[in-house]
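Right, one structure below, let's go through it.
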Amino acid sequence: MMTDNNGETQRVIGGVDTHKDVHVAAVLDERGRLLDTASFATTTIGYRRLHRWLCDHGEVLAVGVEGTGSWGAGLARFLRARGVNVVEVNRPNRQTRRRKGKSDTIDAEMAARAVLAGDATAVPKAGDGPVEALRQLRLARAGAMKARTAAANQLHSLTDTAPDELRARLRSLSTLQRARLCARLRPGDVLTTAGAAKRALRAVAHRWLALRDEIAELTGDIRHVLDTIAAPMLERYGVGYETTGALLCAAGDNPERLHTEGSYAALCGSTPVRVSSGKTNRHRLNRAGDRQANSALWTIVMVRIRSRHAPTIAYLERRTADGLSKREAIRCLKRYVAREIYNDIRTIIATNTPQQMAA
């Protein structure tokens with residue numbers, strides 16, 4: 001471990017530009033001087049070497065890691081498990097890249113400088129608890145739903161161009177009825193238009209039905225996870241499985257990411273942004289934050305409005321009477337919902353850590 005001129009242990013800041021096969025790291029001292037850069041494989045051995053390399057330069061105060069939700073997830077978990085303060089870093093802004101250029105070593109250095117300057121402070125998601133399991137299930141289901149939509153569109157397109165006799169049998173059916181009928185078709189000679197159409201319709205129908213069953217199975221798994229860890233949140237008015245899943249996935253598995261209910265509202269993009277100037281004093285829509293979580297808050301608010309939820313309607317009428325437009329009042333309601341469910345989410349995350357679930 002390196003020491004400074006006074007014989008004291010040198011304290012350093014690390015930065016990592018992550019990639020699929022190789023991570024590039026840079027290390028700075030407390031004064032911002034670049035000490036070294038190096039590349040490491042994206043394997044457990046590579047992570048161990050990177051950690052040892054950082055420690056050889058001094059006491060590691062923090063490490064800024066890009067892409068902690070993708071290529072940097074494994075490294076972030078490895079460093080956190082060894083007590084390293086890992087900070088999530090965004091890619092360098094365009095002004096910096098215009099001034100200094102673009103390379104992996106420059107990006108790694110900029111990641112370390114963002115931590116040193118205090119520009120990057122976010123704690124990355126732990127990715128080791130039930131919320132990460134929920135995220136993976138939701139991701140798989142979203143892909144299956146997208147593929148099912150594509151299969152349904154193909155089924156309708158093939159029906160529109162099928163021979164007249166076959167089209168007449170299918171055109172008045174729903175998608176499910178059409179898929180079930182097409183799955184039972186006998187293709188016949190594929191050198192003929194009728195035989196080829198039946199073969200294509202049969203293949204797409206089997207695909208659509210398989211994806212339908214896959215989505216139903218994944219939905220059951222998601223509901224089981226939410227029933228197990230988030231039952232109190234599901235009992236709130238207007239909060240369902242889809243909205244609960246989106247709001248929990250935005251929060252992550254580690255409660256220390258959510259310092260205040262205001263920080264969680266900002267994470268969901270529901271904190272108002274001031275746009276005051278001169279005699280104008282107002283706020284505008286916040287377009288930052290997790291857009292799926294923001295959509296979940298909007299869904300909860302709209303369910304409450306359309307079902308005439310008494311407190312919500314009273315709040316909406318009061319704020320519009322104060323001079324706000326309905327859209328501005330709905331934004332305030334989204335902020336209110338974020339505040340309402342904040343304690344639920346912290347409780348869910350804190351009581352379902354891997355250590356407590358194992359106990």
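The values are calculated or read from the model by the stated rules, or taken from the named source; none is laboratory data. Treat the numbers as computed from the prediction; the structure is a model and nothing was measured. Positions of Cβ are generated from backbone atoms using ideal geometry, with glycine treated the same way; all protein chains shown enter the neighbour counts. Keep in mind that these areas ignore ligands, DNA and RNA; they rest on the heavy atoms of the full protein, side chains included. Shrake-Rupley method; radii C 1.70, N 1.55, O 1.52, S 1.80 Å.
Quick check on Ser103: is it of a type in the set (Ser, Thr, Tyr) and open to solvent by less than 70 Å² (accessible area, probe 1.4 Å)? So Ser103 passes the test.
Matching residues to (1) in a loop (DSSP other than H, G, I, E, B); (2) at pLDDT 95 or above; (3) within 27 Å of Thr299 (Cα to Cα):
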| residue | (1), (2), (3) |
| --- | --- |
| Ala151 | no, yes, no |
| Thr159 | no, no, no |
| Glu165 | no, no, no |
| Arg186 | yes, no, no |
| His206 | no, yes, no |
| Arg212 | no, yes, yes |
| Leu218 | no, yes, yes |
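Considering only residues of region 246-265 that are at pLDDT 80 or above and polar (S, T, N, Q), which is least open to solvent (accessible area, probe 1.4 Å)? My answer is Ser263. Just the residues that are over 17 Å from Gly240 (Cα atoms) and among the β-branched types (Val, Ile, Thr), please, taken from region 325-351. Of everything in region 325-351, those that are over 17 Å from Gly240 (Cα atoms) and among the β-branched types (Val, Ile, Thr) turn out to be Ile330, Thr347, Ile349, Thr351.
Just one residue in the set Leu34, Leu50 is open to solvent by 10 Å² or more (accessible area, probe 1.4 Å) and of a type outside the set (Phe, Trp, Tyr); that residue is Leu34.
Among the residues of region 133-149, count how many are touching a helix residue (DSSP H, G or I) at 6+ places or on another chain (Cβ under 7 Å) and at pLDDT 95 or above. Give the steps one after another, and end with the answer.
Start the filter on region 133-149 by keeping residues that are touching a helix residue (DSSP H, G or I) at 6+ places or on another chain (Cβ under 7 Å), which leaves 133-135, 137-138, 140-141, 144-145, 147-148.
Subset that is at pLDDT 95 or above: 137-138, 140-141, 144-145, 147-148.
Residues flagged as touching a helix residue (DSSP H, G or I) at 6+ places or on another chain (Cβ under 7 Å) and at pLDDT 95 or above within region 133-149 amount to 8.
Can you confirm whether region 127-143 contains a residue that is under 23 Å from Val60 (Cα atoms) and open to solvent by less than 80 Å² (accessible area, probe 1.4 Å)? Within region 127-143, one or more residues are under 23 Å from Val60 (Cα atoms) and open to solvent by less than 80 Å² (accessible area, probe 1.4 Å). Test Ser39 against the stated conditions and say whether it is open to solvent by 30 Å² or more (accessible area, probe 1.4 Å), small (Gly, Ala, Ser), on the phi < 0 side of the Ramachandran plot and assigned to a strand (DSSP E or B). When the stated conditions are applied, Ser39 passes them. Tallying residues that are assigned to a helix (DSSP H, G or I), surrounded by fewer than 17 Cβ atoms within 10 Å (Cβ to Cβ) and not hydroxyl-bearing (Ser, Thr, Tyr) within region 306-327 yields 10.
In region 152-197, which residue that is within 19 Å of Ala210 (Cα to Cα), touching a residue at least 24 places away in the same chain (Cβ under 8 Å) and not hydrophobic (A, V, I, L, M, F, W, C) is least open to solvent (accessible area, probe 1.4 Å)? So, considering only residues that are within 19 Å of Ala210 (Cα to Cα), touching a residue at least 24 places away in the same chain (Cβ under 8 Å) and not hydrophobic (A, V, I, L, M, F, W, C), the one least open to solvent (accessible area, probe 1.4 Å) is Arg178.
Scan region 56-79 for residues that are open to solvent by less than 40 Å² (accessible area, probe 1.4 Å) and in a helix (DSSP H, G or I) and jot them down. Passing the criteria: Ala73, Gly74, Leu75, Ala76, Phe78, Leu79.
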